[in-house]
Amino acid sequence: MNRQASDPARVFDVSVREARMCIDRILLVCRLPPGYVHGVREVVLLSQSMGLGGFRALYEGHERLREGWLDRVSVVDAGDGALVVDGGGIHAWVLLPTLMDLGVERARSAGRATLRVSGVQDLHELHVMAGLGRRYGIGAEVSQPDEATGQGPKAVVTLFNTARPLGIDEWDPLLAQAIRRGYPVDGGLWRAIHALSNEALAPDSVVSRRHAGPVILRDDGTLQGRPPADDDMDLNMLRHVPSSQGCA
């Protein structure tokens, strides 16, 4: 980790919108399928709110999100009604949305669900399921037995039905609090996260600016996409690029 990401001189209150945008970009850099990014993003936000790895774990360990993928996950229905899940080396954040779907479906149909999970990086992050489950009216308890096995650490997740949430304060009270107050984050860490997220953007250039937004500026100087009479685009911005920062 660089010095910038450990400077505690200032604390930022990061809005939910800003946090989601930066996390989305980082997950895309990690090559998560676009349709899976939103689910994992919400897991990261809950991890931050619950005092788990959160934003620092994302910054320091984002490369590990590339390791393993869902096609390596196996799910076996055990004889006692539990689901035995082997993550195949996947990170807990990446597995969590699917794990939650499996648990909710079993709890809805049977009243209760037990998931025995192994083969997962950062297994303690499965505690996020307690926060994520509230969105579904599901309670979740996570335990990590001390028993040592040749297959590495494992966790047991028990899910059970609770009252369905009636509003955002019941649906996700941690998110509701973040919407009102933001996420307090070390300023140096957030700057580093923002810089990392910019890797998902195209390099800023005159050419990239010509294709940004709802219009395209052709080589002959005419605009494609909106009638020129209705356009308020400032063409001066296309003549000079003041920095090498990325642009959306």
Measure of size requested: the Rg and Dmax of the range 1-101, with Cα atoms as the atom set and Å as the unit; please supply both. 15.6, 55
What GluC sites (Glu not before Pro) in the range 92-195 are in a loop by DSSP, with at most 15 other Cβ atoms within 10 Å of the Cβ? 147
What number comes out for the charge environment of residue 29, summing +1 per Lys or Arg and -1 per Asp or Glu over other residues with Cβ under 11 Å away? 0
Check each of the trypsin sites (Lys or Arg not before Pro) in the range 4-95 and keep only those in coil by DSSP with at most 16 other C-beta atoms within 10 angstrom; list them in order. 10, 31
What does DSSP give for the range 20-136 in terms of the percent of beta bridges that are antiparallel, rounded to the nearest 5? 40
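We did not get these values from a lab; they are worked out from the coordinates using the rules stated. This structure is a prediction, so every number in the text was calculated from the model and none was measured. Here Cβ is always computed from backbone atoms with ideal geometry, including for glycine, and neighbour counts include all displayed protein chains.
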